[in-house]
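Enquirer: Structure incoming, see below.
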Amino acid sequence: MSHIISPFRRVEVREHEYHFDSIIHPGSGYCFDADAEGNIVIDPHYHECQTASLDNARAQVAAGTMRERGYVTYTRSYNENALLRCDCRATVELWTHTNECERCHRLYNLSGQSLAPMSQWEPEDVADLFGVGNDDY
Ligand SMILES: [Zn+2]
């Protein structure tokens with residue numbers, strides 16, 4: 001029996017950055033990853049490059065060509081679609097009104113309810129879903 005293994009959910013992520021804004025070229029500058037306490041976090045894979053950039057940013061602040069905006073926190077969010085365990089045991093992501101299992105070709109709606117095979121659908125229903133002018137699919 002098919003069933004939802006992971007429900008639809010809205011995911012919110014908080015990200016922290018530290019900014020330096022150019023005074024000479026508004027809209028440009030430096031941006032570094034930061035931790036939740038506002039400390040700049042240097043990525044060890046890019047240590048040399050990021051450290052040089054940070055030194056340059058601080059030198060420009062001292063020279064008056066850059067402004068230290070400081071710590072900025074962003075919240076971004078995205079939808080995580082529900083996942084369904086199909087009768088054939090494959091996983092099906094429920095992202096649209098008609099979702100097909102890649103393994104057994106069963107169809108499910110966005111809520112995970114099993115749909116009749118498309119061969120049993122009325123032709124106009126198939127045209128509505130997959131016909132010309134339908135931007136959903
Ligand atoms: Zn299946």
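Please treat every number below as a calculation from the coordinates, not as lab data. Here the structure is a predicted model, which means the values were calculated and not measured. Neighbour counts are summed over all protein chains in view; Cβ atoms, including those assigned to glycine, are modelled from backbone coordinates with ideal geometry.
Enquirer: If I stretch the segment between residue 128 and residue 116 completely, what's the gain in nm (0.36 nm per residue apart, minus their alpha carbon distance), one decimal? Mind showing how you got there, number by number?
Expert: Values: separation 12, 0.36 × 12 = 4.32 nm, distance 1.60 nm.
Value of the extension gain: 2.7 nm.
Enquirer: Take every Cα pair under 8 Å in region 83-130 that's 6+ residues apart, average their separations, divide by the length, and report that relative contact order as a whole percent. Could you put the intermediate results ahead of the total?
Expert: Details: 58 pairs, mean separation 10.6, N = 48.
For region 83-130, the relative contact order is 22 percent.
Enquirer: Oh, and also: What span do the alpha-carbon atoms of the chain cover on each of the three principal axes, reported in whole Å from largest to smallest?
Expert: 74, 34, 23
Enquirer: Let me ask another. At 0.36 nm per residue, and after removing the present C-alpha to C-alpha distance, how many nm does the segment from residue 46 to residue 89 gain when stretched out fully?
Expert: On the way: separation 43, 0.36 × 43 = 15.48 nm, distance 4.25 nm.
Full-extension gain reported as 11.2 nm.
Enquirer: Among 58, 76, rank each residue by its count of other Cβ atoms within 10 Å, from fewest to most, as a rough exposure measure. Can you show the working numbers first?
Expert: Values: 58 14, 76 9.
If I rank by nearby Cβ atoms, fewest first, I get 76, 58.
Enquirer: Hey, what do the phi angles of region 87-99 turn into as Karplus ³J(HN,Hα) couplings, whole Hz, using 6.51/-1.76/1.60 and θ = phi - 60°, x for Gly and Pro?
Expert: The phi angles translate into 4, 7, 5, 6, 9, 10, 7, 9, 10, 9, 5, 9, 10 Hz.
Enquirer: Report, in debye and to the nearest 20, how large the dipole of region 9-78 comes out about its Cα centre when Lys and Arg carry +1 and Asp and Glu carry -1 on their Cβ. List each step's numbers first, then the result.
Expert: Values: 7 positive and 11 negative charges, 69 e Å.
For region 9-78, the charge dipole is close to 320 debye.
Enquirer: Let me ask another. Angle, helix 47-63 long axis vs. longest principal axis of the chain, Cα atoms, 0 to 90°, nearest 10?
Expert: Between helix and principal axis, roughly 50 degrees.
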